[in-house]
Each structure stands twice: as structure tokens, then as C-alpha cells.
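Structure first, commentary second.
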Amino acid sequence: MSKIIVAGGGHGGIVAAIKLAEKGYDVSLFEKNEKGASGLQQTDALDMSALEFAEIPVADYFRRGRNEITFVPSDSASGSLTLPQQDEISLLVDRIELVEYLLGLAEGAGVKVHYGESVLEPMLLGNRVCGIKTDKDEYYADLVIDACGVNSPVRCNLPQYLGVDRPIEKYDVIYSYRGYFNRVPDTKEPKTDYNIYFKDDGNVGFSWLITEFDRVDALVCRFTKPEESEILQALNTLHSENEHMGLDLVYGGSHGIIPVCQPLAILVSDGYAAVGDSAFMTVALKGSGLAYSIKAGKLLADAIANDVNSCYSQETLWEYQKNFFKEIGFGACTFAILKNMLPFMTAEDVNNLFKMKLITTEELSALWGIKTDLILNAKSLPSVKEKIRLVRDEPMLKELFASLAVWLTKYAVLQTSFPTKYDKKDVLDWAEKYNKFFDSIKKKD
């Protein structure tokens, strides 16, 4: 069978490795961390349907997650919004435990995992990726699956003319700090236990506070890389507004860079396929890519298995890109369009959205549950136009909702022109239109 390399220990890459090894492929995975040290020190919600889609068994120790979320504007007079409990089963998973669990399944399926070995760059033979170079050796393969993350050294070192890589610009990523702090004993139980706070200090972003049984989960996110003093200020603000939150760090305390933009226009090339954060597969409004990545890993493995001649060319791998956009990518793009509104908005604009009830609990619930089809479809433009009418006395919001209506119309046209049948010229033409569209709607500082 063909030799497959998975570069990096991203969730989608591990899932692809599991599925391919189960089918008899010779799979090697390269993870920069030592065994037992992969993944982030944080817990996150994972929709169980993603594991079901990928046919990954659920570990006994994954527990039911909280998903009753409250949005809190900076102006308390604007009122907060609490979403109804979601119907889907959401699992609360520790990221280190999840990665180790998946790596264990991979090794059990026959994947050769190289721990403590960092991927440095791809190796090319003409226009084809033929392997990787690590800090220890060079390795050749029939196909390289890129799961190295947002700043992947594989993707970033591909020739620009392949059309896969693109520069990461401001508002494409969000900078995060996440730590788990002690819960102060003998304090009142908070009325809501999953709060998202919008801020008003001039640097666009948000914070959250999730109250768990024995600790408090604090997250600080900004579009511009924050100074340590800004993070401390945000944590102190959370502390001052929530008496049950202590300031003793008990877990985590890590900084991260999270893609919050549209997926790559081109995911595949000859001998190469990107998955997970390497391909910007996240929910732009949430910054989490667990479910998307796991599903994409299964789609990629299926496309590889269907390449009966083992060509692993852009043409034969196009099945993966086509199915990804059909199942996930177009919805992810809608979230990216909506996220793009945030950098244009001030804290006062957000407060007005709450005051005027321009965002309903139903709409927020659909967005947070990744159900864009419930609020953004062929029937959505009249709703957007109605919101434009409601904000006629708020020039900034009126302009923003008018822009949103235009963006959605243009995106609908772009979506219909996606090349479902592979033709290199059509692919490059569509990718150029796709990138130009998203560049055109970004805030220019």
C-alpha cells in the first residue's frame, strides 16, 4: 500500500491516520511533543456527532458539557441574553486527553508515531510534494497530510504558484489566553455559569468565564496581540465582577493563535492535503475547530481510499475538497462573513444590538449551534433588510447591515460557481474570486 505521512498531531490529521491505517496504508505521523505532552491544557465542548461521523468510538471518561450560554454586553443596562439549552449532545473533553486518546487509537491501528520530532518544511520534486524534512531526518512519501496548525511550516513553505498558501492578515486570527483559576469557597453560586463578555477598551475582542465544579475557566481573546498587562487587566475585571473567581492559576495559562477566517481556497495539491487548523477549519465566531477537523479527517481518508490508482494528485484529491466544502466549508464561510462584522463594531454598537433586540436568542442559538442554515439562507435577506430599517437612526449599524446584505448576495453567487468537477483552470479562477471576495470585505486599518 501507499506510504502516507501525517505532518503534525492535529485532530484531523490523526483521524485521517486512523482511518487510513485501518485500511492497510503505511502511515507515519510526526508530533513535535513527547508522548503524553501533546495538546493544550484546556477543556472544550465537542459535538458527539463529529465522532459519530468519523466512526471514532467515544471514550468512557468524556463527560457531558455545559452549553447554556449567556452573552453580556459592556453596558449592563443593555441586558444580557441567555441561550436555551442546545439539543445536541456536547461532550466536554480535555484537549490533552483527547489527543492522547486519538493517538492511542492511531497506534493501535498501526500508525507509526514519531514523538519529539518537529516538522521543518516540505520536500518537493518539481511541483509535487514528495515528503518532509524534520529536525532529525528526511522522509519520503506518496502523500503528505498537513496537520501542523495555523502557521504550518509545510504549508507556509510551499511555492506560492501552487495556490495553497496565503498570507495571514489582521483579523484572520485571534490571540488568546486561557487559564483555570481556583474557585473561592463560601461565595454565592453565580446565576449563570457560562458567560461571554464584550469589552470596551479599544482592542476588539471578548472574554468568557465558565464556572465549573471546582474551578473557573477564564478566556481572554483579542484580534490584536495583547500585552501581558492587558491580559492581567481583563482577568482582574473578571475577578472583580465574579466574587467566586480566585486568582490562583490551577491549570492551563497558555497563549494561543486561533484562525477565525474562511477556510483555504485550495486545500490540495499534487502529493499534499491540508486539514484542520493548517487549512483554517474553525468556526470563525467560536474559534474552535474540533468538530470540523475531525469530520474533515474522515472525508480526506475516504478520498484517498477512493484514489484507486494511488495518484494523490490535485485532481484525484479534489473529491476531498469538494466534499469538505459541501459538508462543512460553505457553512464555515458564512460564519467568517458574520465574524467580519465584529472588527467594524464598537462596544457601543454591540450594546445597541442588545438594546434594540436586533439579535434574538433564536438567532444566537442557531449561530452557536453551528446552524447557519436556520438564519442565513435564501429567505434571510428580507430579515437583514428589516434590521436595516430598525437601525435607521444608527448610521454605523445601518451601514454595517447594508454591507452584510451585499456580502451575502455576492457570496451566494460565489458558492454556486464552485467547480464540482476538477479542471485546473476552473479551480484557480474560483480560488482567485474566493480570495478577492473575502479580501474585499475585511476591515482595512
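Which one of these is at pLDDT 85 or above, touching a Leu at 6+ places or on another chain (Cβ under 6 Å) and surrounded by 15 or more Cβ atoms within 10 Å (Cβ to Cβ): PHE437, PHE418?
Values: PHE418 fails: touching a Leu at 6+ places or on another chain (Cβ under 6 Å).
Selected residue: PHE437, the only one of PHE437, PHE418 that is at pLDDT 85 or above, touching a Leu at 6+ places or on another chain (Cβ under 6 Å) and surrounded by 15 or more Cβ atoms within 10 Å (Cβ to Cβ).
Determine which member of the set GLY271, GLY252 is open to solvent by less than 10 Å² (accessible area, probe 1.4 Å) and either small (Gly, Ala, Ser) or farther than 26 Å from SER38 by Cα (or both).
Numbers: GLY252 fails: open to solvent by less than 10 Å² (accessible area, probe 1.4 Å).
GLY271 is the lone residue from the list that is open to solvent by less than 10 Å² (accessible area, probe 1.4 Å) and either small (Gly, Ala, Ser) or farther than 26 Å from SER38 by Cα (or both).
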Just one listed residue, out of ASP75, ASP60, ASP47, ASP26, is in contact with a helix residue (DSSP H, G or I) (Cβ under 7 Å, 6 or more places away or on another chain), at pLDDT 80 or above and open to solvent by 20 Å² or more (accessible area, probe 1.4 Å), and it is ASP47
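Can you name the residue in segment 207-223 that is part of a loop (DSSP other than H, G, I, E, B) and in contact with a strand residue (DSSP E or B) (Cβ under 7 Å, 6 or more places away or on another chain) and is also modelled with the lowest pLDDT among such residues?
Initial filter on segment 207-223 (part of a loop (DSSP other than H, G, I, E, B)): 212-214, 223.
Pick out the ones that are also in contact with a strand residue (DSSP E or B) (Cβ under 7 Å, 6 or more places away or on another chain) and you get 214, 223.
Details: ASP214: 90, PHE223: 87.
So, considering only residues that are part of a loop (DSSP other than H, G, I, E, B) and in contact with a strand residue (DSSP E or B) (Cβ under 7 Å, 6 or more places away or on another chain), the one modelled with the lowest pLDDT is PHE223.
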Mind checking which pairs have a first residue in segment 215-236 that is closer than 23 Å to THR43 by Cβ and a second that is hydroxyl-bearing (Ser, Thr, Tyr), Cβ under 6 Å, 6 or more apart or different chains?
ARG215/TYR180; ASP217/TYR180; VAL220/TYR177; VAL220/SER207; CYS221/SER176; ARG222/TYR175; ILE231/TYR177; ALA234/SER207
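If we keep just the residues of segment 110-135 that are open to solvent by 30 Å² or more (accessible area, probe 1.4 Å) and among the hydrophobic types (A, V, I, L, M, F, W, C), which is nearest to the chain's Cα centre (by Cα)? So that I can check it myself, show each step before the final result.
If we filter segment 110-135 for residues that are open to solvent by 30 Å² or more (accessible area, probe 1.4 Å), which is where we start, we get 110, 112, 114-115, 118, 120-121, 124-128, 133, 135.
Among the residues that remain, those that are also among the hydrophobic types (A, V, I, L, M, F, W, C) are: 120, 124-125.
Values: LEU120: 23, LEU124: 28, LEU125: 32 Å.
Once the filter is applied, the top-ranked residue is LEU120.
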Can you name every residue in segment 413-431 that is without any contact (Cβ under 8 Å) to a residue 24 or more places away in the chain, part of a helix (DSSP H, G or I) and out of contact with any Phe, Trp or Tyr (no Cβ under 7 Å at 6 or more places or on another chain)?
VAL413, THR416, LYS425, ASP426, ASP429
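Of everything in segment 394-411, what is touching a residue at least 12 places away in the same chain (Cβ under 8 Å) and not polar (S, T, N, Q)? Give them in sequence order.
Here is the first cut: in segment 394-411, the ones touching a residue at least 12 places away in the same chain (Cβ under 8 Å) are 394, 396-397, 400-405, 407-411.
Once the filter is applied, which keeps residues that are touching a residue at least 12 places away in the same chain (Cβ under 8 Å) and not polar (S, T, N, Q), segment 394-411 yields GLU394, MET396, LEU397, LEU400, PHE401, ALA402, LEU404, ALA405, TRP407, LEU408, LYS410, TYR411.
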If a residue must be within 23 Å of the chain's Cα centre (by Cα), at pLDDT 90 or above and open to solvent by less than 40 Å² (accessible area, probe 1.4 Å), how many such residues does segment 175-206 contain?
5
In segment 257-268, which residue that is farther than 16 Å from ASN157 by Cα and touching a Gly at 6+ places or on another chain (Cβ under 9 Å) is surrounded by the fewest Cβ atoms within 10 Å (Cβ to Cβ)?
ILE257
Checking the structure you have, find out if any residue of segment 301-321 is in contact (Cβ under 8 Å) with a residue 60 or more places away in the chain, among the aliphatic types (A, V, I, L, M), open to solvent by 10 Å² or more (accessible area, probe 1.4 Å) and under 30 Å from LYS191 (Cβ atoms).
no
Matching residues in segment 327-378 (under 17 Å from the mean Cα position of the chain (by Cα), at pLDDT 80 or above, surrounded by fewer than 20 Cβ atoms within 10 Å (Cβ to Cβ) and not charged (D, E, K, R)) number 3
Out of segment 78-104, which residues are modelled with pLDDT under 80, assigned to a helix (DSSP H, G or I) and either open to solvent by 30 Å² or more (accessible area, probe 1.4 Å) or under 26 Å from GLY253 (Cβ atoms) (or both)?
none
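The values are calculated or read from the model by the stated rules, or taken from the named source; none is laboratory data. Note that this is a predicted model, so its numbers are computed, not measured. We place every Cβ from the backbone using ideal geometry, glycine too, and count neighbours over all the protein chains shown. For the accessible areas, the whole protein counts, side chains as well, though only heavy atoms, and no ligand, DNA or RNA atoms are used. Shrake-Rupley method; radii C 1.70, N 1.55, O 1.52, S 1.80 Å.
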